[in-house]
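Asker: Next up is a structure, given as C-alpha cells.
The values are calculated or read from the model by the stated rules, or taken from the named source; none is laboratory data. Everything numeric in this text was worked out from a predicted model, so none of it was measured. Glycine gets a Cβ as well: all are built from the backbone with ideal geometry, and neighbour counts include every protein chain shown.
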Amino acid sequence: MEPYILIIEDEPGIVELLDYNLKAAGFETAVAHDGDEAELALSERTPDAVLLDWMLPGVSGIELCRRIRKRPETRSLPVIMLTARGEEADRVRGLDSGADDYVTKPFSPAEVIARLRAVLRRSRPATAENTLAYENVTLDQAAHKVERAGRRIHLGPTEYRLLSHFMERPGRVFTREQLLDAVWGQDIYVETRTVDVHIRRLRKALNGEGERDLIRTVRSAGYAMDMDAPG
Ligand code: CA
C-alpha cells in the first residue's frame, strides 16, 4: 500500500508543491492548513508520516508535535518539521519537541521525499528478536555483536550504546543533548562535544574501505543513522 502522508502547512504554494510531488512519487496525501484541521485528520486516520510546518496559524508546529508525541496512538509517528531559513536554535528545539528530522525552506521536493523515505524505514528496523539491522549492519543485542557486511566490528561500550540507539530508530535525527541523555544518562554531566568524539570513533570503526558513511551529521543540530538523505 502507498504510504499515507499528512501535510500540515498553511502556505498554499508550499502545500501545492508538496502535494503534487508526493503524489507523483507514489505517496497518498492529505492536507491540513492549521492545528485544528490536523487534529481532525489525525483522529480520522493515522498517517505513516507527517510533514509539519513550524509556523502555523493558531497552534504552532512545535506544540502540535508535542501533542502528537503525548498520544499513545501517534507516539511513534514519524514527524518531519518544515522550518524557515536561519533558525538553527529553533531547529534544535524542534528536534527536542520530538520531531524526527527537519527540512529547511526553501527546499526541493526531492529532498523532502528522501527524508520521508528515510524516516519511513525506521518502522521496520528489526530482523529477528534481539537483532537490529540497518543497511548492511547488524547488531545482536544478546551477544553484543556488531557486523557490517559480514565483517565483525569491535566497539567500545559507549560507541556500542550509541550505535544501538541509532539503529532502534534509523533516519531519526538526535540532538547531542538527546544522545547524552540516552547513552550517558541524565544524571551525569558530560560536555556535548564528548558526543562528537564518540561519534568519530564509531564512524572509524564502522566505515571500512570504500564503504559509505552511515552516520549523517546534521549541521548545528545533531546526528542520524541514515543512508538516503544527502549531507
Ligand atoms: Ca507557515
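Asker: Please verify whether T83 is within 12 Å of the ligand (Cβ to nearest atom), at pLDDT below 90 and touching a helix residue (DSSP H, G or I) at 6+ places or on another chain (Cβ under 6 Å), treating the condition exactly as stated.
Answerer: yes
Asker: OK, next. Answer yes or no: is there a residue in segment 13-36 that is closer than 15 Å to E73 by Cβ, outside the structural domain of G171 (by TED's automatic domain parsing), within 15 Å of the ligand (Cβ to nearest atom) and not acidic (D, E).
Answerer: Taking every residue of segment 13-36 in turn, none turns out to be closer than 15 Å to E73 by Cβ, outside the structural domain of G171 (by TED's automatic domain parsing), within 15 Å of the ligand (Cβ to nearest atom) and not acidic (D, E).
Yes/no per residue for (1) part of a strand (DSSP E or B); (2) touching a Phe, Trp or Tyr at 6+ places or on another chain (Cβ under 9 Å); (3) small (G, A, S):
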position: E2; (1), (2), (3): no, yes, no
position: E16; (1), (2), (3): no, no, no
position: L22; (1), (2), (3): no, no, no
position: T29; (1), (2), (3): yes, yes, no
position: E39; (1), (2), (3): no, no, no
position: S43; (1), (2), (3): no, no, yes
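Asker: D90 - would you say it is modelled with pLDDT under 85 and within 16 Å of the ligand (Cβ to nearest atom)?
Answerer: yes
Asker: Of the conditions (1) touching a residue at least 40 places away in the same chain (Cβ under 8 Å); (2) under 22 Å from the mean Cα position of the chain (by Cα), E11 clears all except one; give me its number.
Answerer: Of the numbered conditions (1) touching a residue at least 40 places away in the same chain (Cβ under 8 Å); (2) under 22 Å from the mean Cα position of the chain (by Cα), the odd one out for E11 is (2).
Asker: Also, quick follow-up: Can you name every residue in segment 142-197 that is in contact with a helix residue (DSSP H, G or I) (Cβ under 9 Å, 6 or more places away or on another chain), assigned to a strand (DSSP E or B) and closer than 17 Å to L132 by Cα?
Answerer: Passing the criteria: V146, R148, I153.
Asker: Would you call F107 assigned to a loop (DSSP other than H, G, I, E, B), at pLDDT 85 or above and within 19 Å of the chain's Cα centre (by Cα)?
Answerer: Considered against the rule, which asks whether it is assigned to a loop (DSSP other than H, G, I, E, B), at pLDDT 85 or above and within 19 Å of the chain's Cα centre (by Cα), F107 comes out as yes.
Asker: When you scan segment 145-164, do you find a residue that is touching a Ser or Thr at 6+ places or on another chain (Cβ under 8 Å), among the aliphatic types (A, V, I, L, M), at pLDDT 85 or above and under 18 Å from A205 (Cα atoms), even just one?
Answerer: yes
Asker: Return yes or no: is L179 at pLDDT below 90 and surrounded by 14 or more Cβ atoms within 10 Å (Cβ to Cβ)?
Answerer: The answer is no for L179.
Asker: Would you say L56 is under 19 Å from A118 (Cβ atoms) and under 22 Å from the mean Cα position of the chain (by Cα)?
Answerer: Here the answer is no, as L56 does not meet what is asked.
Asker: In segment 128-141, how many residues are surrounded by 11 or more Cβ atoms within 10 Å (Cβ to Cβ) and part of a strand (DSSP E or B)?
Answerer: Of the residues in that region, 8 qualify.
Asker: Name the single residue that is farthest from the ligand (Cβ to nearest atom) among those in segment 40-66 being surrounded by 17 or more Cβ atoms within 10 Å (Cβ to Cβ) and among the charged types (D, E, K, R).
Answerer: Looking at the filtered set, the residue picked out is D48.
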